[in-house]
1. A:Leu127: of a type in the set (A, V, I, L, M), at pLDDT below 85, in contact with a helix residue (DSSP H, G or I) (Cβ under 7 Å, 6 or more places away or on another chain) and within 30 Å of A:Leu6 (Cβ to Cβ), yes or no?
2. Which numbered condition in (1) polar (S, T, N, Q); (2) in contact with a helix residue (DSSP H, G or I) (Cβ under 9 Å, 6 or more places away or on another chain); (3) away from chain A (no Cβ under 14 Å); (4) touching a residue at least 40 places away in the same chain (Cβ under 8 Å) is the only one that B:Thr211 fails?
3. For region A:319-345, which positions are within 7 Å of chain B (Cβ to nearest Cβ) and more than 21 Å from A:Lys406 (Cα to Cα)?
4. Would region B:85-94 turn up any residue that is more than 17 Å from the chain's Cα centre (by Cα), assigned to a helix (DSSP H, G or I) and within 30 Å of A:Met348 (Cβ to Cβ)?
5. Restricting the search to region A:297-319, which residues are within 20 Å of B:Lys227 (Cα to Cα) and more than 30 Å from the chain's Cα centre (by Cα)?
6. Confirm whether A:Pro248 is within 14 Å of chain B (Cβ to nearest Cβ) and outside any strand (DSSP E or B).
7. Could you tell me whether any residue of region B:171-185 is crowded, with 19+ Cβ neighbours inside 10 Å, of a type in the set (A, V, I, L, M, F, W, C) and within 30 Å of B:Ile263 (Cβ to Cβ)?
8. Can you tell me how many residues within region B:244-274 are part of a loop (DSSP other than H, G, I, E, B) and either in contact with an Asp or Glu (Cβ under 9 Å, 6 or more places away or on another chain) or without any contact (Cβ under 8 Å) to a residue 12 or more places away in the chain (or both)?
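The values are calculated or read from the model by the stated rules, or taken from the named source; none is laboratory data. Small disclaimer: the values here were computed from a predicted structure and weren't measured. Here the Cβ positions follow ideal geometry from the backbone for every residue, glycine too, while neighbour counts run over all protein chains shown.
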Amino acid sequence: MQEVILEVEGVSKSFPGVKALDQVSFDLRKGEVHALVGENGAGKSTLMKILSGVHQPDEGVIRFKGREVRFHDSTQARDAGIGIIYQELNLIPHLSVAANIFIGREPLTRLSTLNEKKMNEEAVAVLGRLNLRIDPTITLNRLPIAKQQMVEIAKSLSFDSEVLIMDEPTSALTESEIDELFTVIHTLRDRGVAIIYISHRLEELKHIVDRISIFRDGRSVSTDAYASITMDTIVNRMVGRTLEQKFPTRHNVPTEEKILEVRNIVRRGVLHDISFDLYRGEILGFAGLMGAGRSELARAIFGADPIDSGAVVMNGKKLAVLSPSESIRAGIAYLSENRKQEGLAVRMQLAENVTLANTGGVSSRLGVISRRRELKACQRYVEELAIRTPSLVQVVNNLSGGNQQKVVVAKWLFCDSKILIFDEPTRGIDVGTKFAIYELIERLAREGVGIIMISSELPEILGMTDRVIVLHEGSLEATLVTKNTTQEEILNFAAGLGGAAGKPSHGLPRAAEERTQP
Amino acid sequence: MSDTHAPRKDLPGHDLAAAPGRSRMALDRFLTFGAVVVLFAVFSITAKNFFTMRNILSLALQTSTTTLMGIGVTFTIITAGIDLSIGSVVALTGTVAVMAAIAGVPIWISWLVGLAVGMVCGLANGLLITRLKLPPFIATLGMTFVVRGVALTITNANARPAPDAFGALGNNTIFRTGNQFPGISYPVIIMILVAVLFHFVLRRTRVGRYTYAVGSNEEAARLSGIKVSRIKIINYIICATLAGLVGVILASRMVTSQPNSAIGYELNAIASAVIGGTSLMGGVGTVGGTVIGSFIIGILTVGLTMQGTNYFMQQIVIGLVVLGAVAFDQLRNK
């Protein structure tokens, strides 16, 4: 067994009103990848911030390489050899790769000018340790996100880090980029670096993880060898109860009534001649790999991005112009995967966000907003969707991810939307809240809304949709009836391999009599 | 119309309508307003004749121009923009209004001509920003030169006297009672009306709501069906039209057209907005804050002058107030 390099014993940390960590213990061995999982608010981030010197513990001991340490800021932790890679990269887009790696400690010439040559050489060496060939002189923002992340890892390594903390490193990466990242992680592990790996994507852990620690409500619940634990056990321990079902029982019945017809949408280089229908009460999935054009298709239908040709027909009427305001008027809503960037005015109040897309609904004819009507409308959705908030005028930024998602849903429900397009509705949302979001989607479909659900998680597609459209490089590869398909079949289409795993099951939404059969 | 705090009894689970966000803003307002009161008290003690009716009215008159321009520029700053051209717009609109009056246009129509010119300048700014996608700083910087150049060209850089009746807007007063009460100048009345009107527009109308939304998160606003370009154009028109109003008022007060006037006024207006809590990052700001901000500058200028502090020293003080106000805000928001 490898030696323990980092040991946490009985660490507690309180913030005003919350005990974020309660007597947590945890150990990390040299050359292992140690996953840390738990729902939002379980205490993972707080522990990471303590290990990297951002916060100081109220009580407890941290031993690093056998010596008790207490970091007062992140520089101290970094210099000692504990590096952290945040979800959002801390790099400067307009500087070169080498300049980013050595920022703040640039090698100088005797004249105290920047020694570019030495810096570039050292950058190549550092990148080489990760088996990466990246031109050190290239401007950072010309690299894809995955490569930028590698640069950040390289930067961290250049401080001779022996412990590397990675917080949701795959959240912005495509499938193939994730493979690259895993290769790098393996390289690091083989060099003896100890890695703490935080992720919401439980499925990906099996590729890299040696041990796994589960956190819940500020406590460390368990630590196990990954090989000796099942996914069900992990999930159960995370939520602290048995999740009987991951998905709600489905009662929505797709009708034969076409609510949306998408005809020959073309956006040059992005979407190639895509047509499909959506029925009232149906949940239609968009599957595909990253970059397949799922979000792009949704945005095109909604009018958020311009298209070169094609038409969107709603209830038999062709939309004259494709723009967000026209689509909203027609009853189409798009819930972006980037809630904070595209879905919410985060510095505005909950009530103001709920009415944002339909202020007309609470205004006089002269455009004067009635605060009374606004709060009343908002109150209804807070109750209906069980949004947890201290007040209706709470600034949205202070709500949790799941509740922010509900605010976005409330916004679109208040527009009386007939079609809701959910783009990765459960990304970054913890397991417990996910179920609530699924229930909500199912309920909306049951009430006769047409739902399009974009998801990268195939179990979610299989568990929640009636039919699924599979995209590959901007083309529609297949339209499948969910209950007749499998994860493998969808993946084959998504990879552009055609229906190699079985015959494609083109078809209409399942008819009512089909559903009654076992 | 003041239904903000009234609705609680109508709502089930009414505790949710309680307003931490609002009370925080009320506190901010209280603090800046407190600064005005303190300044007033200090100068009343240290400067002779400061706390007299005549002086207070003249202070309000002097401050009205900065306040009106500040209210306008607050709208553009809330959308995360800026309007640097308003000083030039003041000069051009005043000039054109006077020329119209000289040409024989009825006086009150010549005033409206000035406003219309302001409106056109605002439209130009708005189009440059939304159609050519120029950053607001650049678009309005360019317009600063263009507009000033037009004002100088059409007058050949000469000041011209306006017909006497043109002076009514800037010099007349109401509520004058013989020698006891000097009366309130029209510009002060206009300032009050404009402040009330635009406070209402910003806090209670859809245009106001969208102004905050665009400044807070432009993409989210667009995806919520808000016509972002239209909102921006409206904001630049509001801003430049208020500058046009100031142009007409100033030309009227001097009863001349002054193509070289109002240089640097835009900076006072922006300073008022900033002191009043408007964030250059967008999404934050109020009309009330800007009014208080411009009065802080006004009281400082008048008070320091009456104390005998020289002009150069006044500049330093005002600069420090701007820096202090924003620094204070940053520290409190930590």
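1. no
2. Looking at each condition in turn, B:Thr211 falls short on (3).
3. Passing the criteria: only A:Ser325.
4. no
5. The one that is within 20 Å of B:Lys227 (Cα to Cα) and more than 30 Å from the chain's Cα centre (by Cα): A:Leu319.
6. Taking the combined requirement at face value, the residue does not satisfy it.
7. no
8. So the answer is 1.
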